[in-house]
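Read through the structure below, which is laid out as structure tokens, and then see the notes.
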Amino acid sequence: MSFKTIIKLMDIKTLVAGVIPVLLGSIYSWYEFGQINLVYLILLMISMMLIQSATNMINDYFDFKRGADSEEKADEKALVSGEITPKQVLFIILIYQLVACTIAIFISSRTSYNILLVGVVGVMISILYAFGPLPISYTPMGEIVSGMTMGIGITTTVIYIHSGVFNLNTVLVAAPTVVYIGTILLSNNLSDLKGDKEAGRKTLPILIGIENSEKLWVFNVIMLIVLTLVLILIGIYPIAVLVFTILLFPYKSVSNFLSYNKNVNTKGRTMGLIGKVGLKYHLSVITGLLISIMFKAGV
């Protein structure tokens with residue numbers, strides 16, 4: 001079992017979905033409530049990368065057991081290529097979850113044990129995503145569940161850890177991230193549409209078709225800007241966020257996305273595009289918040 005195999009198992013291109021809500025929640029807590037704990041920030045990022053990786057592995061494990069992954073996925077699936085055994089994958093999942101659990105217990109002991117309840121719910125959802133008579137990943141609800149769980153769940157929890165505050169504003173601030181994370185899964189499912197259909201899945205792209213899925217992808221990307229404007233108009237974000245979003249947003253990603261066919265062979269390109277959109281958008285928001293923090297401090 002090599003380091004390359006572990007990276008393949010973790011599916012690092014998806015880890016941004018766990019890291020972004022942690023960064024956003026931490027910086028927003030600093031901006032709105034003047035509270036941020038750098039130790040918690042580092043530990044939360046490590047924990048979320050481990051949890052996201054473990055979730056990816058759980059999904060791969062059960063797909064492998066069901067025979068849902070074809071040989072053409074050997075380049076991205078370590079179990080399919082035979083680089084690792086199912087028992088080894090289960091062992092890694094256990095280690096990752098134990099480390100993440102230890103971090104959660106430590107942070108909860110310093111803040112609130114309500115965090116543990118949130119963690120338990122998150123673990124249950126990650127298991128139900130891939131396990132059971134009707135896994136969430138086999139339904140059209142995957143985008144909604146992942147977006148809500150990781151977008152609102154992680155962001156609001158992170159804000160609460162830093163500041164002790166949970167209210168409507170801390171939920172609303174996560175709205176664009178909900179859309180973004182759901183679009184990550186939409187991108188993945190759109191690329192895997194053919195194989196998913198053969199495996200008996202009923203994902204959203206299978207339900208609405210390739211053309212409508214592409215339209216939804218474009219709509220979601222545009223909604224990131226629209227929701228940002230709304231958050232500014234209702235006083236949750238400062239105007240600096242809109243300025244940097246307009247300046248840094250990767251507008252060409254939309255035309256690039258529409259310029260080629262989506263399939264397993266172009267999956268890397270599709271995931272790269274949505275990753276670029278998410279990173280640049282959230283970098284814009286975080287930069288705007290940091291600039292506003294500096295002005296608040298009179299720098």
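Taking into account only those residues within the stretch 244-264 that are touching a residue at least 40 places away in the same chain (Cβ under 8 Å) and in a helix (DSSP H, G or I), which is surrounded by the fewest Cβ atoms within 10 Å (Cβ to Cβ)? Step through it out loud before you land on a result.
Step one: filter the stretch 244-264 for residues touching a residue at least 40 places away in the same chain (Cβ under 8 Å), giving 244-245, 257-258, 262-264.
With the extra rule that they be in a helix (DSSP H, G or I), the set shrinks to 244-245, 257, 264.
Numbers: PHE244: 21, THR245: 24, PHE257: 20, VAL264: 17.
Per the criteria, the residue is VAL264.
When restricted to residues that are closer than 15 Å to VAL99 by Cα, small (Gly, Ala, Ser) and at pLDDT 95 or above, the stretch 20-50 contains 0.
Condition first: free of Cβ contacts under 8 Å to residues at least 60 places away in the same chain, closer than 18 Å to TYR129 by Cα and assigned to a helix (DSSP H, G or I). Can you find one or more residues in the stretch 174-184 that meet it?
To start, the set of residues in the stretch 174-184 that are free of Cβ contacts under 8 Å to residues at least 60 places away in the same chain comprises 175, 178-179, 182.
After this cut, where a residue has to be closer than 18 Å to TYR129 by Cα as well, the list is 178, 182.
So of that shortlist, the ones also assigned to a helix (DSSP H, G or I) come out as 178, 182.
Looking for residues that are free of Cβ contacts under 8 Å to residues at least 60 places away in the same chain, closer than 18 Å to TYR129 by Cα and assigned to a helix (DSSP H, G or I), one finds at least one in the stretch 174-184, hence yes.
When the stretch 124-151 is limited to residues that are out of contact with any Leu (no Cβ under 6 Å at 6 or more places or on another chain), touching a residue at least 40 places away in the same chain (Cβ under 8 Å) and part of a helix (DSSP H, G or I), the one that is nearest to ASN169 (Cα to Cα) turns out to be GLY151.
Right, LEU186: farther than 25 Å from GLU32 by Cβ and in contact with a Pro (Cβ under 6 Å, 6 or more places away or on another chain) or not? Spelling it out, it is not the case that LEU186 is farther than 25 Å from GLU32 by Cβ and in contact with a Pro (Cβ under 6 Å, 6 or more places away or on another chain). Checked against (1) surrounded by fewer than 21 Cβ atoms within 10 Å (Cβ to Cβ); (2) touching a helix residue (DSSP H, G or I) at 6+ places or on another chain (Cβ under 9 Å); (3) touching a residue at least 12 places away in the same chain (Cβ under 8 Å), SER108 passes all but a single condition, namely (3).
Considering the stretch 195-228, the residues that are of a type in the set (S, T, N, Q) and crowded, with 19+ Cβ neighbours inside 10 Å include one that is nearest to THR270 (Cα to Cα), namely SER213. Scanning the stretch 192-224 for residues that are modelled with pLDDT under 90, part of a helix (DSSP H, G or I) and of a type in the set (Gly, Ala, Ser) yields a single hit, GLY195. Considered as a group, the residues in the stretch 152-169 that are in a helix (DSSP H, G or I) and of a type outside the set (A, V, I, L, M) include one that is farthest from MET49 (Cα to Cα), and that residue is ASN169.
Just one of the listed residues (ILE274, ILE236) is out of contact with any Phe, Trp or Tyr (no Cβ under 7 Å at 6 or more places or on another chain), surrounded by 13 or more Cβ atoms within 10 Å (Cβ to Cβ) and closer than 17 Å to ALA175 by Cβ, namely ILE236.
Consider LEU224 carefully, then state whether it is within 17 Å of GLY182 (Cα to Cα) and either in contact with a helix residue (DSSP H, G or I) (Cβ under 6 Å, 6 or more places away or on another chain) or among the polar types (S, T, N, Q) (or both).
Details: within 17 Å of GLY182 (Cα to Cα): yes; either in contact with a helix residue (DSSP H, G or I) (Cβ under 6 Å, 6 or more places away or on another chain) or among the polar types (S, T, N, Q) (or both): yes.
Taking the combined requirement at face value, the residue satisfies it.
In summary, helices (runs of 4 or more DSSP H) completely within the stretch 1-110 and bearing 1 or more residues that are more than 17 Å from the chain's Cα centre (by Cα) and among the acidic types (Asp, Glu) occur at 16-33, 38-66.
The values are calculated or read from the model by the stated rules, or taken from the named source; none is laboratory data. If you're wondering where the values come from, they're calculated on a predicted model, not measured in any experiment. Heads up, the Cβs are rebuilt from the backbone with ideal geometry, glycines too, and the neighbour counts pull from every protein chain shown.
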